[in-house]
1. Using the Karplus curve 6.51 cos²θ - 1.76 cosθ + 1.60 with θ = phi - 60°, work out ³J(HN,Hα) for each residue of segment 119-132 in order, rounded to whole Hz, and write x for Gly and Pro.
2. Could you tell me what % of all Cα pairs in segment 290-337 have separations over 12 Å?
3. Provide the per-residue ³J(HN,Hα) series for segment 289-300, in order, calculated from phi with Karplus coefficients 6.51, -1.76, 1.60 and θ = phi - 60°, each as a whole number of Hz, with x at glycine and proline positions.
4. What does the charge count near residue 263 come to, summing +1 for each Lys or Arg and -1 for each Asp or Glu among other residues with Cβ under 14 Å from its Cβ?
5. Pop out the ³J(HN,Hα) list for segment 406-412 in order, Karplus 6.51 cos²θ - 1.76 cosθ + 1.60 with θ = phi - 60°, rounded to Hz; leave Gly and Pro as x.
6. If you place +1 on the Cβ of every Lys and Arg, -1 on the Cβ of every Asp and Glu, and leave all else neutral, what size is the dipole of segment 56-168 about its Cα centre, to the nearest 20 Debye?
7. Please give the length that would be gained between residue 242 and residue 414 if that part of the chain were fully extended, namely 0.36 nm times their separation in residues minus their C-alpha to C-alpha distance (nm, one decimal).
8. Where does the charge balance sit around residue 442 when Lys and Arg score +1, Asp and Glu -1, over other residues with C-beta under 10 Å from its C-beta?
Amino acid sequence: MRAAPTILHLDMDAFFAAAEQASKPSLRGKPVVVGGLGPRGVVSTASYEARRFGVRSAMPMAQARRLCPNAAYLVPRFQLYRTISEQVMELLGRLSPLVEPLSLDEAFVDLEAGGVAFDSAGARAAGERLRRDIRAVTGLSGSVGLAGSKMLAKIASEEAKPDGLVLIEPGTERELLAPMSVRILPGVGPATGEHLRRAGMTTVADLVEAGEDELVRLLGKSHGASLHRMATGYDDRPVVAERDAKSVSVEDTFDVDLHDRLRITMEVGRLADRCVQRLRASGHSGRTIVLKVRRYDFSTLTRSETLRGPTDDPGVVREAAARLLEAVDTTGGVRLLGVGVSGLADFTQEDLFAQAAGERPAEEPAEPAESVGPTRPAGPVGDEAAPVAEAEPQPPEDPAQRRWLAGHDVRHAEYGPGWVQGSGVGRVTVRFETPTAKGPGRVRTFRVDDPGLEPAEPLPLVESADTEGGGGAGAEPKGVAGAVAGVVEDQDSPLASRPKSRSEGGGPGSGAAMSRP
C-alpha cells in the first residue's frame, strides 16, 4: 500500500457506443446500442442515453430492443476501436513505463514509476491533463481514478463516471468502503455475493465485522483471507507492464442452430483461419488446438489436441480442428463454435515431416536450363496446349452478395463517405456524414448491388495536421504516433517530458484479443 495516490486507473466512458456517436453526428445525444443484432445477439456497450432505459452490457439484444425501441442498434467496428485504443495506450505509455492494459478501453498506470507524480497534488494534475489529452487526440472522454492501490483506483474510476476524476486519499479507505456492497470487491461475483448475503453480509463493513476466520470458514482459506484483506482496504498488487497471454481464440454464436455437418465443418475452418490471424498479429505460435462446441441444449463440449511443436500455420490448425470435430456428436444442432490455440510461444517450430495428416512439402521448381536460342511463348501449339504458369484470374466480387452491416462505413462514388443505417429486401439505406460534420447528413437508399457503393475504412474522429489531404472528409490518418505527437507538444503536460516507452507502431493495447490470466 502506498502513502500517495500514485496508481491511476483509466476507463473510457461507454467506449464502443461513444466512438460510434463521435463518428456519426446524427447519433450524438441519442441512445446507441452496440452488439450482435441477430436473434441471439447480446449488448456489448450501451450509451448513457440508452442506459437510462435500463439497457446494460451482456443483456440479450431482444430485451434491449423492448426496453429502448428507438435506439440506434449497430454492429461493432473493432478496427476503429483498436485504432482509438492504440492512441490512448500511447498516451499512457508516455506517462509511465508501467502500464497494465486490462482491455481495449481500460488500464492501470504507475505514475510514480514514470516520475510524473509523487503526491496527491501531482497525481491529480497528471490525471486531469491525461483526460484533456485523450479528448484532444480521440474526441472521447475517459474517467480517471487515483489511489494508493489498484483495487481502490478502479473503485475511484467507477465513482468518477462519466467523464470525471476521483482521488482517494490514503488512510480513508475503510471509511469509504464500509457502506459499499460486497460486489464492489474483486473476486465477488453473483454466486459469492449470494452466498455472503445468505450469511447476512451485504456490505463491506459486514465483512470486516465478521472477521477473517468467519470468511475462511465460508469461502475457504485462500479466498476468505484475500477477501478480508480487500475489505480492510489492503491491496499490494503491483502494476505489471507485461503479462503473458495464455491463449488466443475466436468463437461465433449462430442466429439459427446449424444442422448440416458440411456447414459446421466449413465454419470450423473459417474460425481456425481467424484464430491464426489473431495468433500471428500477437507475434505468437501455439502447440495446443482447442475446439469448443455448444449444442442446441446449451451443453458445451471442449476437445483439444497437442502438436509436437508450436505452429502458426493455418493449414495445421484447420486440419487439427477438423479432426477434433470428427469426435463430436452434432446431432440436434449447434448454436456456438469456437477455435483456440494455447501453449503459446514466440517462435514457430517447423515440422519437416508435416504435422498435419496428409500434408506434404511443396516441391521446389527445377532450375531452368540455359537457353541457346529464342524461346517460344507458352500457348497452344497445334492440337496441344502448353501449361500456363500464370495464376488463374479471380472472379470479381459480386456486389449483390455483400453484407451491409448497420453502422459500418461505406463510400459512394457520387455522395462520398457515409455509414449503413440499415438494409433488407434488396435495399441498403446510407446516411452520408463524417465525424467532423457540423450536423446530421443526408440519407439515401440504394440497391444492394449498386456499383457505386463500396465498403470503406473508418474515418479519423478528430481532424489534425497529420491527416493526408489537410484533414478533409476523405483524409487518412498517418498513424497513432502522429496523432499523439500533436498533443504532447504542450510543455505544461507531463507527457511532454516523458521518453517513449514503446515503438511508434502502437502501445500495450495494440495487440490481438487474447485471454489473460
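Read the figures in this text as sums done on the coordinates, not as results from a lab. Nothing here was measured: the structure is a model prediction, and the numbers come from that model. Here Cβ is always computed from backbone atoms with ideal geometry, including for glycine, and neighbour counts include all displayed protein chains.
1. Computed from phi, the couplings for segment 119-132 are 8, 5, 5, x, 5, 5, 5, 5, x, 5, 5, 4, 4, 5 Hz.
2. 62 percent
3. 9, 10, 10, 10, 10, 9, 8, 4, 9, 6, 5, 10
4. Working: positive: 261, 270, 335; negative: 252, 255, 257, 260, 267.
Net of charged neighbours comes to -2.
5. Values per residue, Gly and Pro as x: 4, x, 7, 7, 9, 9, 10 Hz.
6. Working: 14 positive and 13 negative charges, 118 e Å.
Its charge dipole is roughly 560 debye.
7. That works out to 57.2 nm of additional length.
8. On the way: positive: 431, 444; negative: 433.
Value of the local net charge: +1.
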